[in-house]
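What follows is calculated from the coordinates using simple rules that are stated; it is not laboratory data. Treat the numbers as computed from the prediction; the structure is a model and nothing was measured. When we count neighbours, we look across all protein chains shown, and the Cβ atoms used for this are built from the backbone with ideal geometry, even at glycine.
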Amino acid sequence: MSFEEWFRQDRLPHIYCAGCGNGTIINCTLAAVDTMGWKKEDTVFVSGIGCSSRAPGYIVTDSLHTTHGRALAFATGIKMANPKLHVIVFTGDGDLAAIGGNHFIHACRRNIDITVICMNNQIYGMTGGQGSPTTPRGCLSTTTPYGCTEPAFDLCELAIAAGANYVARWTSYHVKELERAVKAGLETPGFSFVEAMTQCPTNFGRRNKFKQVADQIEFLKGHSLLKSKRDRMIEQGEKIPDEMYVIGELARRSRPAMGLFTGEAKP
Amino acid sequence: MTRTEFWQGNIASAEGALAAGCRFFGGYPITPSTEVAEHMAAKLPKRGGVFIQMEDEIASIASVIGAAWTGARAMTSTSGPGFSLMMENIGYAAMTETPCVIVNVQRGGPSTGQPTMAAQGDMMQCRFGSHGDYAIIALCPASVQEMYDLTAKAFNLADQYRVPVFLMADEVIGHMRERILVPDSVAHEDRPAFVPGTPPFRPGSDQIPGFPTFGKGYGIHVTGLTHDERGYPCATNPGLHANLVKRLVSKIENATRELADFDVINPEAEQVFIAYGAPVRTVQQVLHDHADNRIGFLRIRTVWPFPSHALALFPNARRFIVPELNLGQIAREIERHTDIPVLSVPKLGGDLHTPAELTAIWEAGP
């Protein structure tokens, strides 16, 4: 099977803008899913609201496109009621970190056996480019016209602190690494969180001096810091620049998890 | 064979749900409905079901909707502020035609209001609380027996009509204890069957589409966006949106007579009490105290869709008297359906109307 077989062909073309990174993230995710040997009928995609959350509509399995921020709560109901199903959630920075923040924390705490892919484009894309909880300080958006003055959320640190079993961050540049991280997340029992930093040329790039799509991807790549290198820098007492973010596998552990399939389907 | 129990109303509601085959409960503690959740937490795991305490009421109803798509009969219970928090996802359930049951043990509002006192202030909210046009079914119990019977019935209606069904109880009925006859089994209606290969949101002749359970290989997409018969987003097509919303409303409103559940007492009377929920008990006491066939009583269990045809069953009526634990929410609905004067008798604060109050109104005449 190929990852292309997971696409719902009669829904194409998609709504994403030219240069959007979401397609890359969806491809990486489906490529990882395709290696798992799962049946399509046992796999469910769930999402909230936003550009990222339109992804399940393009996938051929059962899918639930829910309300803004609440995807994890809906996914919890699906997984608990039928643990046989593999549940994957697509979300974005606004959906997950702002309106859905509490559900995110508690899904991590419960360590429920689902995998979450967060397409973090640091902006509200679908509504036209408003600042989000991950918009970097100083960046321009329609609601931060003088530059964002709030500190950005580190979603991976949050997931680790709240108890997720698997946490990783990559970017839309690191497609092979991202695919491997998603696969590791799918394989890890318990809550897996994969953050994919991605470009939004339409609503972030053009307001923040990224003239070409590639400029923003270069920026994402250039400001990422491998976890191993970050750890070395800390050991050597070097200062980590504020605008850098850590990429790589950031947590892999085996805390007790909920919603694991034990071989017996619920009703 | 039935057995006799002496139960609290909230416990009876939970037991009615279990008898109906409820296998998923997602909830959050809130007075005065918490006993429903506590009882389900104790009983569901032993019956192979799932109880989960969610982080808030928004998540509770979301988890219930998710569970329902796996085929499980699923419910939540709440009160006051929790009910308000559920509103957005209740609209999602209406739009996606997800069967689910919501028990609301009503307390005094607005806001935090009176957590331990009875009210019926959410009767309009349960009908109209989420944005946009839609329709739901709401049942109002007036005894511990009906907490059981109507909760079980709510699951059947939710499945048959693919709609959120509300058990609109109140603190008095939820917390009172009385004798109840528990049947060995309750009636069971299945969800309308889905025909594989057909568009998942194509309605049958009764305007209700078959239910395509997740995990069966149907590969269906469910969205709260306006969607076509395939379930695909189609949010900028005016005609399609209008037809979808009209169908969501008419599949319930057109079934008003089938759904109607009321008692007509003394139909020749000129003055007729109309009540649902706890005020039913006060009117029953008035009838008990005065064995007088001039006291009419329309006692309603299915409040939404409102059974307006029942009003005509009192041909001599010169006045409808409507005691409610709110400022006349259903009295206003009744006014909409009749030219006969409607006297709203509101009661706020948590106390019930006394039989003497209602008797005095009746004796004063129209």
The correct count of residues that are more than 8 Å from every other protein chain (Cβ to nearest Cβ) and either farther than 21 Å from A:I15 by Cβ or without any contact (Cβ under 8 Å) to a residue 40 or more places away in the chain (or both) in region A:43-54 is 1
If B:S308 passes every condition in (1) farther than 13 Å from B:I361 by Cβ; (2) among the hydroxyl-bearing types (S, T, Y); (3) buried (at least 18 other Cβ atoms within 10 Å of the Cβ) but one, which one does it miss? (3)
Among A:F219, A:F210, which is part of a loop (DSSP other than H, G, I, E, B) and of a type in the set (F, W, Y)? A:F210
Within region B:57-73, restricting attention to residues that are of a type in the set (G, A, S) and facing another protein chain (nearest Cβ under 7 Å), which residue is surrounded by the fewest Cβ atoms within 10 Å (Cβ to Cβ)? B:G71
Subset of region B:183-200, residues surrounded by fewer than 17 Cβ atoms within 10 Å (Cβ to Cβ) and touching a residue at least 60 places away in the same chain (Cβ under 8 Å), comes to B:P183, B:D184, B:S185, B:H188
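Looking at region B:193-203 only, could you name the residues that are on the phi < 0 side of the Ramachandran plot and either under 28 Å from the mean Cα position of the chain (by Cα) or away from chain A (no Cβ under 13 Å) (or both)?
Those that are on the phi < 0 side of the Ramachandran plot and either under 28 Å from the mean Cα position of the chain (by Cα) or away from chain A (no Cβ under 13 Å) (or both): B:A193, B:F194, B:V195, B:T198, B:P200, B:F201, B:R202, B:P203.
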What are the residues in region B:312-326 that are within 23 Å of B:A278 (Cβ to Cβ), surrounded by fewer than 24 Cβ atoms within 10 Å (Cβ to Cβ) and among the charged types (D, E, K, R), if any? B:R319
Among residues of region A:227-267, those that are touching a helix residue (DSSP H, G or I) at 6+ places or on another chain (Cβ under 9 Å), over 19 Å from A:N82 (Cα atoms) and not in a loop (DSSP other than H, G, I, E, B), counted: 8
Return only the number of the condition from (1) over 22 Å from A:R54 (Cα atoms); (2) within 12 Å of another protein chain (Cβ to nearest Cβ); (3) free of Cβ contacts under 8 Å to residues at least 60 places away in the same chain that A:C108 does not satisfy. (3)
Just one of the numbered conditions (1) farther than 21 Å from A:F104 by Cα; (2) under 15 Å from the mean Cα position of the chain (by Cα) is not true of A:G237; which one? (2)
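Looking at region A:121-128, is at least one residue surrounded by fewer than 24 Cβ atoms within 10 Å (Cβ to Cβ) and either touching a Lys or Arg at 6+ places or on another chain (Cβ under 9 Å) or within 14 Å of chain B (Cβ to nearest Cβ) (or both)?
To start, the set of residues in region A:121-128 that are surrounded by fewer than 24 Cβ atoms within 10 Å (Cβ to Cβ) comprises A:126-128.
Filter again for either touching a Lys or Arg at 6+ places or on another chain (Cβ under 9 Å) or within 14 Å of chain B (Cβ to nearest Cβ) (or both), leaving A:126.
Scanning region A:121-128, I find at least one residue that is surrounded by fewer than 24 Cβ atoms within 10 Å (Cβ to Cβ) and either touching a Lys or Arg at 6+ places or on another chain (Cβ under 9 Å) or within 14 Å of chain B (Cβ to nearest Cβ) (or both), so the answer is yes.
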Please verify whether region A:30-41 includes one or more residues that are within 8 Å of chain B (Cβ to nearest Cβ), surrounded by fewer than 23 Cβ atoms within 10 Å (Cβ to Cβ) and touching a residue at least 12 places away in the same chain (Cβ under 8 Å). yes
Does region B:77-98 contain any residue that is within 30 Å of B:K216 (Cα to Cα) and away from chain A (no Cβ under 14 Å)? yes
Against the condition over 27 Å from B:Q329 (Cα atoms) and among the aliphatic types (A, V, I, L, M), how does B:I137 come out, does it pass? no
Among (1) of a type outside the set (D, E, K, R); (2) more than 9 Å from chain B (Cβ to nearest Cβ); (3) outside any strand (DSSP E or B), the one test that A:H68 misses: (2)
Pairs returned, first residue in region B:128-151 that is under 19 Å from B:A187 (Cβ atoms), second residue that is part of a loop (DSSP other than H, G, I, E, B) and basic (K, R), beta-carbon separation under 8 angstrom, 6 or more apart or interchain, are B:L139/B:R301; B:P141/B:R301; B:E146/B:R301; B:L150/B:R301
Count - residues of region A:5-29 that are free of Cβ contacts under 8 Å to residues at least 24 places away in the same chain, assigned to a loop (DSSP other than H, G, I, E, B) and charged (D, E, K, R): 0
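Looking at the structure I just gave you, is B:L343 in a strand (DSSP E or B) and either loosely packed, with under 15 Cβ neighbours inside 10 Å or aliphatic (A, V, I, L, M) (or both)?
Working: in a strand (DSSP E or B): yes; either loosely packed, with under 15 Cβ neighbours inside 10 Å or aliphatic (A, V, I, L, M) (or both): yes.
Yes: the conditions hold for B:L343.
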Check off (1) surrounded by 22 or more Cβ atoms within 10 Å (Cβ to Cβ); (2) part of a strand (DSSP E or B) for B:T116 and give me the number that stays unchecked. (1)
Unmet requirement for A:I78, which otherwise passes all of (1) part of a loop (DSSP other than H, G, I, E, B); (2) within 7 Å of chain B (Cβ to nearest Cβ): (1)
Just the residues that are aliphatic (A, V, I, L, M) and touching a Ser or Thr at 6+ places or on another chain (Cβ under 8 Å), please, taken from region A:239-254. A:M244, A:V246, A:I247
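So in region B:119-147, with the set limited to residues that are outside any loop (DSSP other than H, G, I, E, B) and in contact with a strand residue (DSSP E or B) (Cβ under 6 Å, 6 or more places away or on another chain), which one is surrounded by the most Cβ atoms within 10 Å (Cβ to Cβ)?
B:L139
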